Amino acid sequence: MTYPNILFILADDLGCWSLGYTGNQDAITPHLDGMARQGMVIQNFFCASPVCSPARATLLTGRMPSVHGVLDWLDGGNMSTAGAFPVEYLREFRGYTDYLHEVGYQCALSGKWHLGDSMRPQKGFGHWYAHQYGGGSYQDAPMIRDGIPVHEPGYITHAITRDAVEFLHRRDPARPFYLSVHYTAPHTPWLQGHPRRYLELYRDCTFDSCPMLPRHPWQIDFEEFDQDRLAMLRGYFAATTAMDEGVGQLLDTLDEEGLAGNTLVVFTSDNGFNCGHHGIWGKGNGTNPINMYESSIKVPFLARMPGTVPAGTQLQRLYSAYDLFPTLLEFAGVSHTETDLPGHSFAQLLRGAPEPPSEGEDGPGVVVYDEYGAVRALRGTRWKYIRRWPTGPDELYDLLDDPDECQNLVDKADRTLVHCLQKRLDNWFAGNCRPQTDGRFAGVTGAGQLKVHTAVGFEPGSFNPQYSALR
């Protein structure tokens, strides 16, 4: 059997609103805009959790955080430190890369891992050029090359691209490849480390695409977020443009190697981000309590494979990160033995099948779910319901009348509607969580996870009690 190659490109903290093809007039993203014209755009694609490690674990395993047990960004278990050892957080679960590896794929990682035990290749990966942690400086970044911790000289976005391009050149041409390119861009820091040539592109930009709103009452305090707004936005957009340039180099390499026609290229982000949206700087853990705004959970999704993925395709229904596992394996023609996965494959849509019509206002098939610790959300075509255990505050938005989520209707709406949405949310999560990893009872604060769960749950000290950094 001839398997297709797969190039999976993952951004870090990239808001769907921040790209040219989504209508942002400030953004300079020509290569991603070109992908949108040449392939498929999913207009409504959502992360499983609005923070990196849980979102990435769901992409890889197809399981929700309350199953795989990565409930917050991983502050512990990435590397050996004084008094602590690396932790393989996903030891219980198989990733889709395990299945690809077993049928002969060369699996390679270039960039951010942030799922524990960063020194050791996992989940079928052979080539392993990984970030030691989850973020940090764009210059002299802590990486792992050939099994050795190093500080990578130069700009990390360029280094990740360079490593991925080198893999494409030296791969075994007799075997299919799966290449994950996980950029740290445009994750903070924004105020230092970015080459001048990218910053100069935005020197005179006023960033009209980013709202200037009063500070949200839930916004957490970080010194960096009180810095000059324009300087932060220049850094965020400069990092995005640098990543876009890397995407262009990867696509050019596929052309040079004669691989474009047999390589599915997917681009998405781990979670969204707010650059002033709702008066917030940050993502889900940019506020206390944790937020589930569209700008935090909605992410870009592009797919390109000339001759297979029809150019100019626009999908309108709702899709989730937990759909990726079954989709990539079905597209590749690789079977798996996982049961009770929450996601559904849309592989046939990548091959040109028409998208089914929506099944009613919020009918079956047009609802996706999200979670972060004790916060869970149901997002339908019209209604978005957010529940916070045990005492709220809960939220309800009518996205047809209020797409910017300005009017919380949870105390004003018909109680039958609220009860129906709550029951639907509870029933779905009852089938997609485990008692020992149930985020409602784990004590997640958004400040980072330090330990893996035990057989009976999370022991005290598994999560940082106070915010210390965003990951």
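The values are calculated or read from the model by the stated rules, or taken from the named source; none is laboratory data. Treat the numbers as computed from the prediction; the structure is a model and nothing was measured. Counting neighbours? That spans all protein chains shown, and the Cβs are built from the backbone with ideal geometry, glycine included. For the accessible areas, the whole protein counts, side chains as well, though only heavy atoms, and no ligand, DNA or RNA atoms are used. Shrake-Rupley method; radii C 1.70, N 1.55, O 1.52, S 1.80 Å.
Before moving on, here are some points about what is shown:
- Across region 449-466, coupling constants 3J(HN,Hα) worked out from phi with the 6.51/-1.76/1.60 Karplus curve, θ = phi - 60°, read 9, 10, 9, 7, 5, 9, 5, 10, x, 9, 6, x, x, 6, 10, 4, x, 9 Hz, and Gly and Pro carry x.
- Solvent exposure of region 64-165 amounts to 32 Å² per residue of accessible area, where only protein heavy atoms count and the probe is 1.4 Å.
- Expressed as a whole percent, the accessible area of region 1-134 that falls on carbon and sulfur atoms is 51 (1.4 Å probe).
- Think of each Lys and Arg Cβ as +1 and each Asp and Glu Cβ as -1; about the Cα centre, that makes the dipole of the chain roughly 600 debye.
- Region 1-34 and region 193-265: distance between their alpha carbon centers, rounded to Å: 11
- DSSP finds beta bridges in the chain, and of those with both partners inside it, around 55 percent are antiparallel.
- Looking at region 188-217, the trypsin sites (Lys or Arg not before Pro) that sit in a DSSP loop and have at most 16 other Cβ atoms within 10 Å of their own Cβ are Arg203, Arg215.
- Note that region 341-351 has calculated 3J(HN,Hα) couplings of 5, x, x, 10, 6, 10, 4, 5, 5, 4, 8 Hz, one per residue in order, obtained from phi through the Karplus relation 6.51 cos²θ - 1.76 cosθ + 1.60 (θ = phi - 60°); glycine and proline are x.
- For region 402-443, the list of trypsin sites (Lys or Arg not before Pro) that fall in a loop by DSSP and count at most 12 other C-beta atoms within 10 angstrom reads Lys412.
- Portion, in percent, of the accessible area of region 213-286 that falls on carbon or sulfur, probe 1.4 Å: 47
- When shorter helices are ignored and each DSSP H run of at least 4 residues is given -39500 (n - 2.57), the per-residue value for the chain at 222 nm works out to -7000 deg cm²/dmol.
- Volume per residue of the C-alpha convex hull in region 223-352, rounded to whole Å³: 154
- When the GluC sites (Glu not before Pro) in region 23-123 are filtered for DSSP coil states and for at most 15 other beta-carbon atoms within 10 Å of their beta-carbon, the remaining sites are Glu88, Glu92.
- For region 59-204, the Kirkwood radius over C-alpha pairs fed into Stokes-Einstein at 20 °C and 1.002 mPa s yields D = 130 µm² per second.
- Basic side chains Lys and Arg get +1 at the Cβ, acidic Asp and Glu get -1 at the Cβ, and with that the dipole of region 35-99 about its Cα centre reaches some 260 debye.
- The residues of region 354-436 expose on average 50 square angstrom of accessible surface per residue, using a 1.4 Å probe on protein heavy atoms.
- Remark: the Cα gyration tensor places region 99-142 in the prolate category, a/c being 1.5 or greater and a/b exceeding b/c.
- Think of region 350-437 as having a plus end and a minus end, set by charges on the Cβ of Lys, Arg, Asp and Glu; of Pro435, Thr416, Pro356, Pro435 sits farthest toward the positive end of this dipole.
- Percent accessible area from carbon and sulfur atoms, region 294-366, protein chains only, probe 1.4 Å: 52
- For Tyr178, distant residues with modelled amide H under 5 Å away: Ile6, Gln106, Cys107, Ala108
- Surrounding net charge for Glu166, when Lys and Arg each add one and Asp and Glu each subtract one, Cβ distance under 15 Å: -3
- More than 18 Å apart - percent of Cα-Cα pairs taken over region 392-465: 58
- Accessible area of Glu200 in the full protein assembly, 1.4 Å probe (Å², nearest 10): 80
- Charged-residue dipole, Cβ positions (Lys, Arg, Asp, Glu), region 1-154 about Cα centre, Debye nearest 20: 340
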